[in-house]
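First comes the structure, then the notes that go with it.
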Amino acid sequence: FYVDYSFMGKSPDVFKKYMFNKIYSASIHGVNMFKVNVEVDISDGLPNFDMVGLLNSEVKESRERVRTAIKNQGILLPPKRITVNLSPANIRKGGNYFDLPIAVGILKCLGIIYLENLEDTIIVGELSLNGSVNKTNGILSVVHDSKKQGFKRCIVPFENAMEGGVIDGVEVYGVKTLGETIKLINENFTKSPVHTNILELSKTDEENDGVDFADVNGQESVKRAALVAACGMHHILLIGSPGSGKSMIASRISTILPQPDISECLEITKIHSIAGKLQDKSFIFKRPFRAPHHTITKQALIGGGASPKPGEMSLAHRGVLFLDELAEFKRDTIDVLRQPLEREKISISRASGMYQFPAKIMMVAATNPCKCGYYPDRSRCMCSQTQVNNYLGRISGPILDRIDICINTPILKLEDLSGKNTNLDSSYYREMVEKGREIQKYRYRRNDLYNSNLSTREIEKYCKMTPDAKKILDKGFEMFKMSGRAYYKITKVARTIADLAGEDIIQEVHMAEAVGYRLWR
């Protein structure tokens with residue numbers, strides 16, 4: 001590239017035109033994009049390259065990447081003082097989003113990029129030392145929120161172009177190198193933007209992990225509880241001996257949930273994109289199923305870090321979070337779930353601000369009844385009653401109170417293992433769940449409101465019951481000294497059971513089943 005310095009010595013207006021420029025970029029705060037102004041100034045003085053604007057270490061390091069990338073594209077920087085400011089200055093900037101916009105700003109100041117109007121363009125990307133543009137996380141959020149803020153086009157890394165192209169109403173251009181970026185801008189974006197056809201992608205997304213409820217023999221009562229939980233998005237706890245099928249049933253619950261709509265897929269994909277979990281996919285069309293190991297830390301479970309990123313709970317948004325061996329988790333790790341399970345979102349406070357991550361999940365947990373796992377079979381269990389109580393006591397009362405359904409998974413009998421041919425498959429259960437969901441959608445006039453997250457006022461309005469059903473609820477509340485939260489959770493579970501039965505009014509049999517799901521001890 002030839003650098004034209006003929007503007008030197010001309011009028012001050014021409015000097016300003018070339019020596020100062022503003023490029024618009026973006027960064028991620030929580031799961032949303034915020035606009036960053038990349039201001040570049042080149043002036044006389046001792047040769048230097050300064051960057052300001054409350055920057056994280058990875059952003060400060062972009063100085064050397066940008067300088068070397070420009071040099072390796074055949075462009076010699078003049079011996080000038082270069083100052084880059086990323087504003088607003090009161091928000092800490094992190095991530096690898098700013099290399100490409102900084103380079104574009106410098107080249108625009110030098111007159112190598114001469115297209116004047118880039119005010120409607122967002123530019124993000126990381127540069128390699130040879131000038132190639134590397135993949136960046138969170139591009140779907142960047143493009144989606146850029147459209148909301150009125151930007152017309154986005155320049156993103158080539159590997160992220162398919163991901164960003166799913167958003168209609170904004171032009172997305174993928175670039176492989178800095179040189180390609182210069183050519184794209186100077187030719188006034190005559191290249192065709194990338195557009196990803198979501199419907200075509202959904203047809204080709206045939207990934208199947210092979211799990212199905214038809215594989216589960218026996219345990220009809222547990223399957224019924226899983227069906228109720230899936231229909232109303234209720235949290236469920238399975239308690240039973242090793243080998244009774246707890247994990248097997250839990251891992252199949254996601255297969256009976258209805259397929260997410262496009263707006264839900266967008267939410268799911270945005271979170272996975274920010275966390276760098278998309279891998280080779282550009283869009284996710286299935287409800288997530290996350291099953292972290294019991295050694296997981298609090299930060300990995302709910303999110304965290306100096307610049308907080310989504311944790312397993314947010315990665316399970318609109319899907320299933322499976323906590324196997326719940327009693328083996330650290331007590332403080334389990335207890336951090338209290339507030340997110342109620343509020344369906346995670347709020348993390350840092351000096352740089354408040355970060356929020358969505359967490360609309362169905363929590364499925366499984367645990368053994370004691371350390372050896374065979375209580376109350378005293379022919380096999382040698383644990384004392386104190387040891388049994390201490391083991392289950394690892395799960396705090398407030399967490400148990402937030403679980404809608406608790407059910408024992410009995411030890412399988414020999415005749416249960418021979419009934420595979422008569423097992424109902426996931427498609428049968430999914431059809432029942434979809435019918436129940438349609439009833440809820442019609443009743444609440446909303447797609448994202450389920451029986452499990454009804455407010456107290458909504459319970460009084462929608463959970464009408466017969467006098468006999470009310471008697472069972474009141475008697476159970478007094479006899480077992482339940483909390484107010486448990487009282488309302490039983491009512492919501494009974495509402496779901498009535499929906500599965502096609503009943504508008506909660507009947508005695510529905511309430512009896514719902515109360516039974518709380519009497520697991």
(message) Below 16 Å, Cα to Cα, which lysines can Lys191 reach? Residues fewer than 8 away in the same chain don't count.
(response) Lys152, Lys176, Lys183
(message) Can you give me the angle between helix 467-479 and the longest principal axis of the chain, using Cα atoms only, in degrees from 0 to 90, rounded to the nearest 10?
(response) 90
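Using only the Cα atoms of the range 225-339, build the gyration tensor, take square roots of its eigenvalues as a ≥ b ≥ c, and label the shape rounded, prolate or oblate: rounded if a/c is under 1.5, else prolate if a/b is larger than b/c, else oblate.
oblate
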(request) Starting from the amide H of Val36, placed 1.01 Å from N in the peptide plane, find each other amide H under 5 Å away whose residue is 5 or more places distant or on another chain. (result) Ser25, Ala26, Ser27
(request) Excluding residues on the same chain fewer than 8 positions from Lys223, give the lysines whose Cα lies under 21 Å from its Cα. (result) Lys246, Lys413, Lys420, Lys435, Lys489, Lys492
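Once a ≥ b ≥ c are taken as the square roots of the eigenvalues of the Cα gyration tensor of the range 446-511, is the result rounded (a/c under 1.5), prolate (a/b larger than b/c) or oblate (a/b not larger than b/c)?
Cα axes put the range 446-511 in the oblate bin.
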(request) Run through every distinct alpha carbon pair of the range 368-486 and return the Kirkwood hydrodynamic radius in angstroms, one decimal place. (result) 18.8
(request) Please report Rg over Rh for the chain, where both radii come from the alpha carbon positions and Rh follows the Kirkwood definition. (result) 1.09
(request) Quick one: angle between helix 99-109 and the longest Cα principal axis of the chain, in degrees between 0 and 90, rounded to 10, please. (result) 20
(request) Only Cα pairs under 8 Å and at least 6 apart count here; give the relative contact order of the chain as a rounded whole percent. (result) 13
(message) I'd like the orientation of helix 426-444 relative to the chain: the angle between its Cα long axis and the longest Cα principal axis, in ° from 0 to 90, rounded to 10.
(response) 80
(request) Write out the chymotrypsin sites (Phe, Trp or Tyr not before Pro) in the range 41-117 meeting two conditions: DSSP loop, and at most 15 other Cβ atoms within 10 Å of their Cβ. (result) Tyr114
(request) Quote to one decimal, in nm, the extra length available between Arg224 and Gln149 on full extension: 0.36 nm per residue of separation minus the C-alpha distance between them. (result) 22.3 nm
(request) Work out the count of Lys pairs in the range 256-368 where the Cα-Cα distance is under 22 Å, with the pair 8 or more places apart or on different chains. (result) 23
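Run the numbers for Arg331 and Val52: contour at 0.36 nm per residue of separation, minus the present Cα-Cα distance, in nm.
On the way: separation 279, 0.36 × 279 = 100.44 nm, distance 4.27 nm.
Here the answer is 96.2 nm.
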(request) Pull up all non-local amide H partners of Met465: gap of 5 or more, or a different chain, and H-to-H distance under 5 Å with H placed in the peptide plane. (result) Ile506
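Does the range 109-162 come out rounded, prolate or oblate, given a ≥ b ≥ c as the square roots of the eigenvalues of its C-alpha gyration tensor, rounded meaning a/c under 1.5 and, failing that, prolate meaning a/b above b/c? Walk me through the numbers on the way to the answer.
Details: a/c = 2.84, a/b = 1.06, b/c = 2.68.
Oblate shape, in that a/c is at least 1.5 and b/c is the bigger or equal ratio.
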(request) Tell me what the chain gives for mean residue ellipticity at 222 nm when only DSSP H runs of n ≥ 4 count, each as -39,500 (n - 2.57), the sum divided by the residue total, rounded to 500 deg cm²/dmol. (result) -10500 deg cm²/dmol
(request) Please give every one of the aspartates and glutamates within straight-line cross-link reach of Lys471, meaning a C-alpha to C-alpha distance under 13 Å, and leave out same-chain neighbours fewer than 8 residues apart. (result) Glu508
(message) Can you compute 3J(HN,Hα) from phi for each residue in the range 181-193, using the Karplus curve 6.51 cos²θ - 1.76 cosθ + 1.60 with θ = phi - 60°, rounded to whole Hz and x for Gly and Pro?
(response) 5, 4, 5, 4, 6, 5, 8, 6, 6, 6, 5, 6, x
(message) Cut-off 20 Å, label point 7 angstrom out along Cα-to-Cβ of Tyr428: give me the residues of the range 223-239 whose amide nitrogen falls inside.
(response) 223-232
(message) Suppose we look only past 15 Å in the calculated P(r) of the range 56-109. What percent of the Cα-Cα pairs does that tail hold?
(response) 48
(message) Given bins 5 angstrom wide, list per bin the percent of all Cα-Cα distances in the range 54-172, short to long.
(response) 2, 11, 19, 22, 22, 16, 6, 1, 0
(request) Excluding Gly311 itself, calculate the net charge of residues whose Cβ lies under 13 Å from the Cβ of Gly311, where each Lys or Arg counts +1 and each Asp or Glu counts -1. (result) +4
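Bear in mind these aren't lab numbers, they're just calculated from the coordinates by the rules spelled out. Please read these numbers as outputs of a predicted model, since none were measured by experiment. Every residue, glycine among them, receives a Cβ derived from its backbone with ideal geometry; neighbour counts consider all protein chains shown.
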